[in-house]
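The values are calculated or read from the model by the stated rules, or taken from the named source; none is laboratory data. This one's a predicted model, so the numbers in the text were calculated from it and none came from an experiment. Neighbour counts are summed over all protein chains in view; Cβ atoms, including those assigned to glycine, are modelled from backbone coordinates with ideal geometry.
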Amino acid sequence: MQAFRMAFAAALACMSLVAAESPAAAQNAAPSAAQAQSGSILLTIFLRHDETKTLDEINDHLKKTGWYDKFPPQGVEVVSWYVMMGVGQVVTLRVPAEKLREVNRVIETSAWGGYRTEFYPTYDYKPVWDAMEHHHP
């Protein structure tokens, strides 16, 4: 959890730097989904398949632990969910701050054993990028 806190602090610092370096671009950009949801963060989770198990074994484990009923927790929005061949699944969630522990507990109690997990605080940079493109011919 300490590594997560450090990564989260670094992501917040990066967001501040982007806004400070490009105030015009940030002002002209449409608000990102994360900004529009005050008190929420975007969280990207890598669900790496446990390659010592077959897909059927992983799915059996997830059914047994209630993964499909518990994830995502109520009040947490799935922003994107991709299958990344050779890796597993990559899910980005919009998480209200008060739900962060609940997301972590669902992963710990139902995904572990089927997936190895990695968490990355995330923010939507595309509106800033789009605004910068308009300033360059």
Checked pairs for the stretch 82-106, first closer than 12 Å to THR117 by Cβ, second at pLDDT below 95 and surrounded by fewer than 19 Cβ atoms within 10 Å (Cβ to Cβ), C-beta under 6 Å and 6 or more apart or across chains, list as GLY88/HIS49; VAL90/MET84
Number of the condition not met by GLY86 [criteria: (1) under 16 Å from the mean Cα position of the chain (by Cα); (2) part of a loop (DSSP other than H, G, I, E, B)]
(1)
Could you say which residue among ALA131, ALA111, ALA97 is in contact with a strand residue (DSSP E or B) (Cβ under 9 Å, 6 or more places away or on another chain) and surrounded by 12 or more Cβ atoms within 10 Å (Cβ to Cβ)?
ALA111
Residues that are within 16 Å of GLU108 (Cα to Cα), surrounded by 14 or more Cβ atoms within 10 Å (Cβ to Cβ), at pLDDT below 90 and aromatic (Phe, Trp, Tyr): does the stretch 48-71 have at least one?
no
Name, by its number, the condition in (1) modelled with pLDDT under 90; (2) touching an Asp or Glu at 6+ places or on another chain (Cβ under 9 Å) that does not hold for ALA26.
(2)
Taking the stretch 108-137, which residues are under 13 Å from the mean Cα position of the chain (by Cα) and either farther than 22 Å from ASN59 by Cβ or assigned to a helix (DSSP H, G or I) (or both)?
PHE119, TYR120, PRO121, THR122, TYR123, ASP124
